[in-house]
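Student: My questions all concern the structure below.
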Amino acid sequence: MSEKPSYYVTTPIYYVNDVPHIGHAYTTLACDMLARFKRLDGYNVMFLTGTDEHGQKVEKSAETAGVTPIEFCDKVSSRFFELLGTMNFSNDDFIRTTEERHEKACQALWTKLVDEGHIYLDSYAGWYSVRDEAFYAEGELIDGEGGEKLAPTGAPVEWVEEPSYFFRLSAFEQQLLDYYEADNGSAVMPKSRRNEVASFVKGGLRDLSVSRTSFKWGVPVPGDEKHIMYVWIDALTNYMSALGYPDMEGDKFKEFWPEAIHVVGKDILRFHAVYWPAFLMAAGIKPPKRIYAHGWWTNEGEKISKSLGNVIDPFELVDEFGLDPVRYFLMREVPFGNDGDFKRESFINRMNGDLANDFGNLCQRTLTMTAKNCDKKIPQHGDFTNTDQEMIDAVYGLLPKVRQHIDNQAMHLALETIWQQIGSVNSYISTEEPWVLKKTDPERMATVLYVCAECIRNLAILAQPIMPQSMAKMLDLLVIDEDKRSFDQLGEVGRLVPGTEIPKPSGIFPRYIAPEADA
């Protein structure tokens, strides 16, 4: 096991009945930013994503497409895998629920639940939504426009009657409520989501149907292959499959499982914050350290749907605007945990304002002046004024503030904190006017440029988790060795060495100019 502290972050595994969209990219990006930050902060990180490939929806989609379920899964899963490279995600593993290691883990968990007396055979009669892969009580249903019954999500439901194994979910009400209150209520976040699941549990839990017999595409129930496992007990187990479960004494499981943070969309919160912890408690396994549910995106104020034709394709977005601006906008625009609206105008404003004008221009003018007036070298600085030292100290003190936001999964606040400091450095350079000083006081000009360059070094290191490619270019311009870019090099220990020759400055963030419409 590593001597470093451990950090384990997961996306939900994405269902392969459709191709990747902005929601998939958003969740995985959040996890990528967390993982990259923690690696730079000295942690041993495990970052997991993957695809959920079983269930009735997949079986039906494959049938419609005229292919076998595994052929259908292979095709769609490969598109999700392609997204990883397109978005520059740094995941350590990609799991598919059709893999042998996963089936082995699912069957081991099932067997443990049976051995502990938490699963029993009965029959199920009730409302089931194929689209949601969820069972609903009569009181949860809503009436459709034609009087038909719908799930609370608006999905169609059908009356199902079949033999089923049940999990004794009703026995875990108090344990779940205790779990939500542990560690100052941080197990489920944000607070509004914790309140939501606590209210659901307090309303009373019924035992959960955890097997199906009406279709075959899934993990067989050990000892009774007429049944396949309910897709959610199958899917959720992926978080342990990738750590080598059922080998709980293996280094990977022992190191990472206690630190598990699941980042999910709010639509699958119940499965993650009610069913999953209960399964784990029943198996004698500690539940995740945290489950964080984020909101949904709309597109220019409208709900995103295929029928409206307004689905946002992350591949197209990156093609048009470039990768790092897309990554920055998605994490900066909306408080993580809230719903957000994707507005093209807002995107371009962030791209041209925050990136090109604020950070890009700060770097460009600092290094251009340095190259022209300081012999293409990091300037020799004189004594720092109080203003200089305050500027440097403020930047040197950023890491604990940013880290606190990251630890609360408040990525938007982490970026806001960095950009506030970028604004302060811009105000500093505007006030000090090194372009005037080059005529009146060249030594003072050199000091001001050194302060700005040192601030840029620290800010670029801190911004690496969200814009790794752009920040690599910026740190290259400052001639920072690749092994000097982690957070232990922030502050005094890694400060710029005067006299270091720098390359010709180049722009990092081009402004977006809309293409002219055809006449």
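Student: Out of Glu71, Glu59, which single residue is closer than 25 Å to Val210 by Cα and not hydrophobic (A, V, I, L, M, F, W, C)?
Tutor: Only one candidate qualifies: Glu59.
Student: Next question, about the same structure. Take the residues of segment 194-213 that are basic (Lys, Arg) and open to solvent by 40 Å² or more (accessible area, probe 1.4 Å): which is farthest from Ile291 (Cα to Cα)?
Tutor: Taking segment 194-213 first, the residues basic (Lys, Arg) are 194, 202, 206, 212.
Filter once more, keeping what is open to solvent by 40 Å² or more (accessible area, probe 1.4 Å): 202, 206.
Details: Lys202: 19, Arg206: 22 Å.
Result: Arg206.
Student: Next up: Regarding Met229, is this residue under 31 Å from the mean Cα position of the chain (by Cα), over 21 Å from Ala293 (Cα atoms) and among the aliphatic types (A, V, I, L, M)?
Tutor: The answer is yes for Met229.
Student: For segment 485-494, how many residues are under 26 Å from the mean Cα position of the chain (by Cα) and not aromatic (Phe, Trp, Tyr)?
Tutor: Going through segment 485-494 one residue at a time, the tally reaches 5.
Student: Give me the pairs, please: first residue somewhere in segment 485-502 and without any contact (Cβ under 8 Å) to a residue 60 or more places away in the chain, second residue anywhere and open to solvent by 30 Å² or more (accessible area, probe 1.4 Å), beta-carbon distance under 6 Å, and either six or more positions apart or on two chains.
Tutor: Sorted first by the residue in segment 485-502, then by its partner, the pairs are Gly494/Lys484.
Student: What about Ile418, is it over 30 Å from Ala260 (Cα atoms) and either within 25 Å of the chain's Cα centre (by Cα) or aliphatic (A, V, I, L, M) (or both)?
Tutor: When the stated conditions are applied, Ile418 does not pass them.
Student: Looking at segment 438-449, can you tell me whether even one residue there is among the polar types (S, T, N, Q), part of a loop (DSSP other than H, G, I, E, B) and open to solvent by 40 Å² or more (accessible area, probe 1.4 Å)?
Tutor: Restricting attention to segment 438-449, the residues satisfying the condition of being among the polar types (S, T, N, Q) are 440, 447.
Checking which are part of a loop (DSSP other than H, G, I, E, B) leaves us with none.
Within segment 438-449 (the criterion being among the polar types (S, T, N, Q), part of a loop (DSSP other than H, G, I, E, B) and open to solvent by 40 Å² or more (accessible area, probe 1.4 Å)), the answer is no, since none of the residues qualifies.
Student: Taking the criterion of being more than 25 Å from Ile228 (Cα to Cα), small (Gly, Ala, Ser) and in a helix (DSSP H, G or I), would at least one residue in segment 17-29 satisfy it?
Tutor: There is at least one residue in segment 17-29 that is more than 25 Å from Ile228 (Cα to Cα), small (Gly, Ala, Ser) and in a helix (DSSP H, G or I).
Student: Considering only segment 73-107, how many residues are touching a strand residue (DSSP E or B) at 6+ places or on another chain (Cβ under 6 Å) and either over 22 Å from Val263 (Cα atoms) or polar (S, T, N, Q) (or both)?
Tutor: 3
Student: Right, another one. With the condition kept exactly as written, say whether any residue in segment 64-86 is in contact (Cβ under 8 Å) with a residue 12 or more places away in the chain, open to solvent by less than 50 Å² (accessible area, probe 1.4 Å) and farther than 28 Å from Phe315 by Cβ.
Tutor: no
Student: Condition check: over 18 Å from Thr28 (Cβ atoms) and not small (Gly, Ala, Ser). Does Tyr275 satisfy that?
Tutor: It is true that Tyr275 is over 18 Å from Thr28 (Cβ atoms) and not small (Gly, Ala, Ser).
Student: I've got another one for you. Here are some conditions: (1) in contact (Cβ under 8 Å) with a residue 12 or more places away in the chain; (2) closer than 22 Å to Leu490 by Cα; (3) under 34 Å from the mean Cα position of the chain (by Cα). Asp354 meets all but one. Which one does it not meet?
Tutor: (2)
The values are calculated or read from the model by the stated rules, or taken from the named source; none is laboratory data. It should be emphasised that the depicted structure is a prediction, and the values quoted were computed from it without experimental measurement. Note: ideal-geometry Cβ built from the backbone for every residue, glycine included; neighbour counts use all protein chains shown. Heads up: the accessible areas ignore ligands, DNA and RNA and are worked out on the full protein's heavy atoms, side chains in. Shrake-Rupley method; radii C 1.70, N 1.55, O 1.52, S 1.80 Å.
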